[in-house]
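Participant: Structure in structure tokens, see below.
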Amino acid sequence: MKDVNKVVWTLMLITILCIIIVQISRIGEVHWLFPQQEVRDKEQALIPTISGAVKGDQLEILVLGNKESLKDNPSMLHLNKSLELAKLSFTYIDSLDRVSASPLTIVVVLDEKKAIAEEDNIRDFVNEGGRLFVGLRFFHPNLNDVMGIERVEGFNPNNLTGVIFKKPFVPIYPDIEDSHGKIPNNSLEVTLQDDSEVYLESQETPILWYHSYGKGKVAYWNGTMLQGKGARGLLLQSLSLLPPRFVSSRLEMSVFFIDDFPAPFPDGDHENITPAFDTSVSSFYKNIWWPDMKELQDQYSLKFTHAFIGTYRADQKMKTEHLIKQNQSKFLFFGRDALRNGDELSLHGYNHQSLVTKKEPIDDEFEYIPWNSQEQMEEGISRVMKMNEHFFPNYTIKTYVPPSNVINKTGIKALSQAAPSIDTISSLYLGDNKQGSFIQEFGYDENNSGYFHLPRVSSGYAPDLYEQFSYADALANAGILSHFIHPDDLLDPYRNKGFKWPDLNVELDRHLKNIYETYPFLKGVTAQEAKKLYLSYSESEMSVDYQENQLIIYGKNLVSPSVFLIRLNDNEKLETGAFDSYSVAKVKGVEGLYTVQTTMGKTVVPIKRGEAE
């Protein structure tokens, strides 16, 4: 009888506890019973510095001109930024008079007048074995034979558009027959010498070619695309084809944003979901979309940075308690799962209205309602931050993603006041700010707002050719993949490119597979991890000794692991595979191009001549 009573009392207690848990969950406080673990920041690991005397030749990049004369030259800006990310230095020179010609000495020409004044020196320098990089199209008949030009008909009266790769010297870039004028080139109409090798062309006009003259070599850009930010990777890689060997450093980081997530998904039906899956929008995202995204995450070791919003309403009528009630089930389910996966939660906004006032620019196509004042912005931000603190009391929000990538001075001030924990803004890397888009460089804000800038380079489940070109170029420059999607891209006829689910997911998988097969050492990081990696990387220094049968790579404060891109141009090869504390992988589809990952302060990479990998 006593045993029966024990069983009855036990069942009654279990029933009462279940009732209590259900009641607590109804008021959104179930997370009190299962408190979230505090998320601790990790410091970026560094490789111990190994110092030593230089025991080999050094690569030397010289820019013909001076800082003052080239300060307004856009190609100079992009060369500077490109080399900075690649951990390569350059020196300005006023003349080639005292420059010794060497296969590892590259002279960069971005000033037409300076090049013409140095005509004889340029000829002698290349003839004796130097490397010349001409980053602009200019017409000077006396140098045609050096440049590999047979005849010049004059300047093309119209901009050429698009770009076609005639030789595969960089991976992943698509050919673009551009009818939208997004990749313009103002070029010379030329006929080249037979021994000039064309690498890029536009509308059958040579844009980039190489020409050997005497003992040296010339790269010639017959266009203006190097004046654009979106060709920095091409600039670096075209430079790397000149010397026999070329080593550059890489961040090799992959940052993947999911904007508008978690968010108050609607509970109704949608034509792109319900007929195919026999379920509601909300159920689809929980039971189909999210597991599919996590499968991609596992496959490519991605880390997602989720940018949440409180409401899709355009007004500010919802108080914090209303936001909590509306979002509790979705935010607790998705947010907790995301944090368990090592993801980051970031702020997208109180709602999806960009933080701009009536006096600040924004594209009319968004049909957004401007905020009345900074104070109104602060109130909205404060409400949604309190909502997040309620759900995740041990989690600090540090990253902000502007809705539609638009924010202005008023919004930045409001953000700093209402969300002081935020130290990073992630908007766009490419574009212009005429319609209010917030265009960024990687690194701290040059206007001294105190924010770190971590822009996104590309977007979409099915990136178009221009998006593909953008991510290919950032990867070619310094190994940066910074991409974003929206869960509701599926529901938008423009953003879904005509695909439904799971076809959109298949498209995204196809792009990621191509990227990761090409760059296998890409490391998935959250926005905050990317910030730490970038700042540590910025403080590092790379040195390379170019020796006869090997490369010695070392430096100061190198991040761990460090990744380098090695290009071999003279029928030399590297053995691929895992070795003592470093690994070598061949870059898919490009002859003589390798990535090397190392955890050593000094890495010795043997070079083979004419042998198979």
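Bear in mind that the values in this text are calculations on the coordinates, not laboratory data. A quick note: this is a predicted structure, and the numbers were derived from the prediction, not measured. All Cβ positions, even for glycine, are placed from backbone atoms using ideal geometry, and neighbour counts span all protein chains on display.
Participant: Please compute the alpha carbon radius of gyration of region 497-551, then divide it by the globular-protein estimate 2.2 N^0.38 Å. Two decimals is fine.
Facilitator: 1.82
Participant: While we're on this one: Give me the mean projected area, in nm² to one decimal, of the convex hull enclosing the Cα positions of region 114-219. Display every interim value, and only then the final one.
Facilitator: On the way: hull surface 28.4 nm².
Over all viewing directions, region 114-219 projects a mean Cα-hull area of 7.1 nm².
Participant: Another question, if that's okay. Which distance in Å, rounded to a whole number, links the C-alpha centroids of region 296-316 and region 94-155?
Facilitator: Measuring centre to centre over Cα atoms gives 51 Å.
Participant: Please work out the FRET efficiency for the pair residue 423 and residue 341, using the Cβ-Cβ distance as r and a Förster radius of 30 Å; give the result to the nearest 0.05.
Facilitator: Calculated transfer efficiency: 0.85.
Participant: Now for a separate question. Where does region 363-409 land on Rg(C-alpha)/(2.2 N^0.38 Å)?
Facilitator: Cα Rg divided by the expected 2.2 N^0.38 Å: 1.38.
Participant: Kindly give Rg over Rh for region 220-259, based on alpha-carbon atoms, with the Kirkwood expression for the hydrodynamic radius.
Facilitator: Result: Rg/Rh = 1.10.
Participant: What whole-number volume per residue, in cubic angstrom, does the convex hull of the C-alpha atoms of region 60-242 give?
Facilitator: Numbers: hull volume 20.5 nm³, N = 183.
Taking the convex hull of the Cα positions in region 60-242, it is 112 Å³ per residue.
Participant: Here is a follow-up. Given a Förster radius of 35 Å and the C-beta distance between residue 142 and residue 433 as r, what FRET efficiency does 1/(1 + (r/R0)^6) yield to the nearest 0.05?
Facilitator: That gives a FRET efficiency of 0.25.
Participant: Also, quick follow-up: Sorting 467, 271 on the 10 Å Cβ count, fewest up front, what's the list?
Facilitator: 271, 467
Participant: Another question about this same structure. Could you work out the per residue convex hull volume over the alpha carbons of region 404-487, in cubic angstrom?
Facilitator: That works out to 116 Å³ per residue.
Participant: Enumerate the lysines that residue 286 could reach by cross-link, defined here as Cα to Cα under 19 Å, with residues fewer than 8 away along the same chain left out.
Facilitator: Residue 286 reaches 294, 303, 325, 330, 500.
Participant: Beta carbons within 10 angstrom, averaged per residue: use that to sort the peptides 187-199, 420-432, 215-227, highest first. Intermediate values should be presented prior to the final figure.
Facilitator: Numbers: 187-199: 16.2, 420-432: 18.2, 215-227: 23.2.
Result, highest mean first: 215-227, 420-432, 187-199.
Participant: Could you tell me what a quarter of the Cα convex hull surface of region 461-613 works out to, in nm² with one decimal place? Write out the running numbers ahead of the final one.
Facilitator: On the way: hull surface 42.5 nm².
The orientation-averaged projected area of the Cα hull of region 461-613 comes to 10.6 nm².
Participant: With the calculation restricted to Cα positions, what are the radius of gyration and Dmax of region 79-135 in angstrom?
Facilitator: 11.6, 33
Participant: For residue 42, which aspartates and glutamates qualify as cross-link partners when the Cα separation must be under 19 Å and same-chain residues fewer than eight apart are set aside?
Facilitator: Leaving aside aspartates and glutamates fewer than 8 places away in the same chain, those within reach of residue 42 are 252, 343, 344, 423, 529, 539.
Participant: I need two numbers for region 303-455: Rg to one decimal and Dmax as a whole number, Cα atoms only, in Å.
Facilitator: 14.9, 42
Participant: Which three extents, in angstrom, do the Cα atoms of region 442-524 have along their principal axes, listed largest first?
Facilitator: Principal extents (Cα only, largest first): 43, 29, 21 Å.
Participant: Where Rh denotes the Kirkwood radius from the mean inverse Cα pair distance, what is Rg over Rh for the chain?
Facilitator: The Rg/Rh ratio comes out at 1.04.
Participant: Can you list residues from other chains, or at least 5 along the same chain, whose modelled amide H is less than 5 Å from the amide H of residue 555?
Facilitator: Under 5 Å from the amide H of residue 555 lie the amide H atoms of 50, 543, each far enough along the sequence or on another chain.
Participant: Sort all Cα-Cα distances of region 160-272 into consecutive 5 angstrom bins from zero, then give the percent of pairs in each bin up to the one containing the longest distance.
Facilitator: Spelled out per bin, shortest first, that is 2, 9, 17, 19, 14, 10, 8, 6, 5, 4, 3, 2, 1, 0, 0.
Participant: If you don't mind, another one. In percent, what relative contact order does region 303-455 have, based on Cα pairs under 8 Å that are 6 or more apart in sequence?
Facilitator: Normalised by residue count, the contact order of region 303-455 is 23 percent.
Participant: Sticking with this one: Which percent, to the nearest 5, of DSSP beta bridges fully inside the chain are antiparallel? Write out the running numbers ahead of the final one.
Facilitator: Values: 59 of 104 bridges.
Expressed as a percentage, antiparallel bridges in the chain total about 55.
Participant: Over the chain, what relative contact order in percent results from Cα pairs under 8 Å that are six or more residues apart?
Facilitator: Relative CO of the chain lands at 16 percent.
Participant: Working from Cα positions, state the angle (0 to 90°, nearest 10) between the long axis of helix 320-340 and the longest principal axis of the chain.
Facilitator: 60 degrees
Participant: Hey, another quick one. How far is helix 74-85 tilted off the main Cα axis of the chain, in degrees rounded to 10, range 0 to 90?
Facilitator: That helix lies at roughly 70 degrees to the long axis.
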